[in-house]
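Here the structure comes first, spelled out in structure tokens, and everything after it is commentary.
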């Protein structure tokens, strides 16, 4: 496992100093979300070859991989003008990733409303088909540029479980489409007590197509809703998931989420202790 971190969760420093610090902290890779890092342009017109090559040099100098270039926009946006803008941003991200040398472009799976929020329509077949229709075109573009594209199932989005994700993989039918496995994102207030069964089913059904792991934890509020927190702070048991990683995906990129500059080391050590014990 090549452990990394979301770059926007690290200390706010000038970009080159930030990546040097990521290396010094012992991380092998980073999740790059351009719009979340101060000083880095993210508009499509700024994503030039020169910009990609500059970033690539900085990462290579510090022996840090760009595990994923995040482009978390709503491919089920119902307003045509907004959807066209989103398509163009995905296309620009894919083109940029090909020059940057990123492991993949990653995204979640949206909602059939402009607010990008959960409502019961997320779980309908028509919402799923609207997402697949747009995804198919984006993945085709990724194929042309030799870029991997990965979707991340989330309980509150259109692709909310492993079965929906498998349907997407089957219908899009592309070797360039993979899965980002974020175990906590598959949970909500209705199913978290069954999490071990959910994780086991996800690994059984999607394991071959999982190309990245996100690592975080969760706590439960008084009203039954969940909070995402750093690893080792909540209720997650990562032994089964890390056993799968060690046995089947030994060099996979895995990034910590929901850390802070103050607690990242404890979260990192918690995960590595489990991994090393397997």
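Bear in mind these aren't lab numbers, they're just calculated from the coordinates by the rules spelled out. Because the structure is a prediction, the values reported are computed rather than measured. Methodologically, a virtual Cβ is constructed for each residue, glycine included, from the backbone with ideal geometry; neighbour enumeration extends over all protein chains shown.
Considering every Cα-Cα pair within the range 82-238, what fraction, in whole percent, is farther apart than 29 Å?
Values: 2284 of 12246 pairs.
Every Cα pair in the range 82-238 considered, those over 29 Å come to 19 percent.
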How far apart, in nanometres, would the label points at residue 222 and residue 58 be if each is projected 7 angstrom from Cα along the Cα-to-Cβ direction?
4.4
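Provide the packing ranking of 204-217, 258-271, i.e. peptides ordered by the mean count of other C-beta atoms within 10 Å per residue, highest first. Provide the component values of the computation, followed by the final result.
Numbers: 204-217: 19.5, 258-271: 17.5.
Taking the mean over residues of other Cβ atoms within 10 Å, the ranking is 204-217, 258-271.
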How much FRET efficiency would the formula 1/(1 + (r/R0)^6) give for residue 278 and residue 37, where r is the Cβ-Cβ distance and R0 is 30 Å, rounded to 0.05?
0.35
As a check on your grasp of the helix formula, calculate [θ] at 222 nm for the chain: sum -39500 (n - 2.57) over DSSP H runs of n ≥ 4, divide by the residue count, round to the nearest 500.
-13000 deg cm²/dmol
Bin all alpha-carbon pair distances of the range 169-278 at 10 Å intervals from 0 and give each bin's fraction as a whole percent.
13, 44, 33, 9, 0
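Which whole number of Å³ per residue matches the convex hull of the alpha-carbon atoms in the chain? Show your work: numbers first, answer last.
Details: hull volume 34.8 nm³, N = 278.
Value for the chain: 125 Å³ per residue.
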Take every DSSP beta bridge with both residues inside the range 2-277 and express the antiparallel ones as a percent of the total, to the nearest 5.
15
Post the alpha-carbon centroid distance, the range 222-278 to the range 1-77, in whole angstrom.
21
I'd like to compare 131-138, 96-103: which one has the highest average count of other Cβ atoms within 10 Å, and what's the full order after that?
96-103, 131-138
